[in-house]
1. What helices (runs of 4 or more DSSP H) completely inside the stretch 183-247 contain at least 1 residues that are open to solvent by 40 Å² or more (accessible area, probe 1.4 Å) and touching a residue at least 60 places away in the same chain (Cβ under 8 Å)?
2. Inspect the stretch 282-292 for any residue being buried (at least 19 other Cβ atoms within 10 Å of the Cβ), under 20 Å from the mean Cα position of the chain (by Cα) and over 16 Å from Phe73 (Cα atoms) and give the result as yes or no.
3. If Phe303 satisfies all but one of (1) of a type in the set (A, V, I, L, M, F, W, C); (2) buried (at least 17 other Cβ atoms within 10 Å of the Cβ); (3) closer than 30 Å to Ala171 by Cβ; (4) under 22 Å from the mean Cα position of the chain (by Cα), what's the number of the condition it fails?
4. From the list Phe73, Phe66, Phe125, pick out the single residue that is surrounded by fewer than 19 Cβ atoms within 10 Å (Cβ to Cβ), among the aromatic types (Phe, Trp, Tyr) and within 33 Å of the chain's Cα centre (by Cα).
5. What's the total number of residues in the stretch 320-351 that are in a loop (DSSP other than H, G, I, E, B) and either surrounded by fewer than 17 Cβ atoms within 10 Å (Cβ to Cβ) or without any contact (Cβ under 8 Å) to a residue 12 or more places away in the chain (or both)?
6. For residues in the stretch 248-257 being touching a residue at least 40 places away in the same chain (Cβ under 8 Å) and under 16 Å from Lys280 (Cα atoms), which is most open to solvent (accessible area, probe 1.4 Å)?
7. When you scan the stretch 166-182, how many residues do you find that are open to solvent by 50 Å² or more (accessible area, probe 1.4 Å) and in a helix (DSSP H, G or I)?
8. Given the options Ala37, Ala29, name the one that is part of a helix (DSSP H, G or I), over 15 Å from Lys308 (Cα atoms), modelled with pLDDT under 70 and more than 22 Å from the chain's Cα centre (by Cα).
Amino acid sequence: MPRTLSTSDMVTPGSLSPLPSEPADDKQAGQPLLDGAPSSAPLDTLIQQLVPTADYYPEKAYIFTFLLSSRLFIEPRELLARVCHLCIEQQQLDKPVLDKARVRKFGPKLLQLLAEWTETFPRDFQEESAIRHLEDVASRITPCDEPCFSDKTNNLEAYVKWFNRLCYLVATEICMPAKKKQRVQVIEFFTDVARECFNIGNFNSLMAIISGMNMSPVSRLKKTWAKVKTAKFFILEHQMDPTGNFCNYRTALRGAAHRSLTAHSSQEKVVIPFFSLLIKDIYFLNEGCASRLPNGHINFEKFLELAKRVGEFVRWKQVACPFEQNPSITSYLHTAPVFSEDGLYLASYESESPENQTEKERWKSLRSSTLGKT
């Protein structure tokens, strides 16, 4: 596992080291990349900055930032090929007789870079060509067995799938009971769960619960909601209000992020952002700022900000869950039946009759469709 990186580890503007001393074509090759604004350089220069030597190793901030952003300009497999080629060329690893002292100094640095790369972006190494490059360069610097590379995957899509399932699960559990009293109890129960999610910094599940309770099949249950103690729910709903580009949520997230950095207990380290909004922010940051400057240089300053956003998420993701897992609850969350949108409306109409002609027609259509399937 890669070590947990703090924000300052990943992105400290102006802190990147000068380029390595190996020859480079660009005039900026020996200058700090962030010496002046905007921070930029040609792609070849940025790749050279990534390549270690016997006496140089790129800073972790740079490795993460460049590997994250480089795929906008070059395929990961091509980048790996170029890095390996530069290593072989600069360290003269293709010579019949190697400078063993030099290789002993260089080898661990290259293996460290490859280890960090594979652990942070494991999907870059799924293709056979990438594995061949690794095996080739590794065989030139060490007689030992070939390095072990992580096969784990960072399945970020799981956040979206979990959000959707939890949203529909909450709505299902509210619409399913035939008795109004039971529906009220379920709403108040999930309100308490949502409040606990807010308290521990789990904003993704908080938003899923609030979204489920705001789905039309649930919100139309006016007789049910009339019996609910809604004060706590309205407070939570206000926190996740999209007004002002989710201003209230962003304030709460900043508070949780600060708490995580200064945490005295493992529970205070938990930060799970509203994932869909995180992706939206990163998308607009990428689309709203030019990746290349008019002179053809890569706008590295933009990628520092991207790395800051993604790096913060990576740090949050690496926090070990401090809560004991309850197998029965876990099983329920993953296996409980969840209604489709039509199923939710049908259950809602069965609980509280349609109030207008549109609802009556939809109810009739849903019942007819259901009977036709049986």
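The values are calculated or read from the model by the stated rules, or taken from the named source; none is laboratory data. If you're wondering where the values come from, they're calculated on a predicted model, not measured in any experiment. Positions of Cβ are backbone-derived with ideal geometry, glycine not excepted, and every protein chain shown enters the neighbour counts. For the accessible areas, the whole protein counts, side chains as well, though only heavy atoms, and no ligand, DNA or RNA atoms are used. Shrake-Rupley method; radii C 1.70, N 1.55, O 1.52, S 1.80 Å.
1. Working: elements: 203-213, 216-219, 222-225, 231-239.
It comes to 216-219, 222-225.
2. To start, the set of residues in the stretch 282-292 that are buried (at least 19 other Cβ atoms within 10 Å of the Cβ) comprises none.
No, there is no match, as no residue in the stretch 282-292 is buried (at least 19 other Cβ atoms within 10 Å of the Cβ), under 20 Å from the mean Cα position of the chain (by Cα) and over 16 Å from Phe73 (Cα atoms).
3. (3)
4. Numbers: Phe66 fails: surrounded by fewer than 19 Cβ atoms within 10 Å (Cβ to Cβ); Phe125 fails: surrounded by fewer than 19 Cβ atoms within 10 Å (Cβ to Cβ).
Within the list Phe73, Phe66, Phe125, the selection yields Phe73.
5. Step one: list which residues in the stretch 320-351 are in a loop (DSSP other than H, G, I, E, B), which gives 320-326, 336-340.
Filter once more, so that each one left must be either surrounded by fewer than 17 Cβ atoms within 10 Å (Cβ to Cβ) or without any contact (Cβ under 8 Å) to a residue 12 or more places away in the chain (or both): 320-326, 336-337, 340.
Counting residues in the stretch 320-351 that are in a loop (DSSP other than H, G, I, E, B) and either surrounded by fewer than 17 Cβ atoms within 10 Å (Cβ to Cβ) or without any contact (Cβ under 8 Å) to a residue 12 or more places away in the chain (or both) gives 10.
6. In the first step, residues of the stretch 248-257 are kept if they are touching a residue at least 40 places away in the same chain (Cβ under 8 Å); the result is 249, 252-253, 256-257.
Filter again for under 16 Å from Lys280 (Cα atoms), leaving 249, 253.
Numbers: Tyr249: 6, Leu253: 34 Å².
Among residues in the stretch 248-257 that are touching a residue at least 40 places away in the same chain (Cβ under 8 Å) and under 16 Å from Lys280 (Cα atoms), the one most open to solvent (accessible area, probe 1.4 Å) is Leu253.
7. Kept after step one, since they are open to solvent by 50 Å² or more (accessible area, probe 1.4 Å), are these residues of the stretch 166-182: 168, 176, 178-182.
Now drop any that are not in a helix (DSSP H, G or I), which leaves 168, 180-182.
Number satisfying all stated conditions: 4.
8. On the way: Ala37 fails: part of a helix (DSSP H, G or I).
Step by step, each of Ala37, Ala29 is checked, and only Ala29 is part of a helix (DSSP H, G or I), over 15 Å from Lys308 (Cα atoms), modelled with pLDDT under 70 and more than 22 Å from the chain's Cα centre (by Cα).
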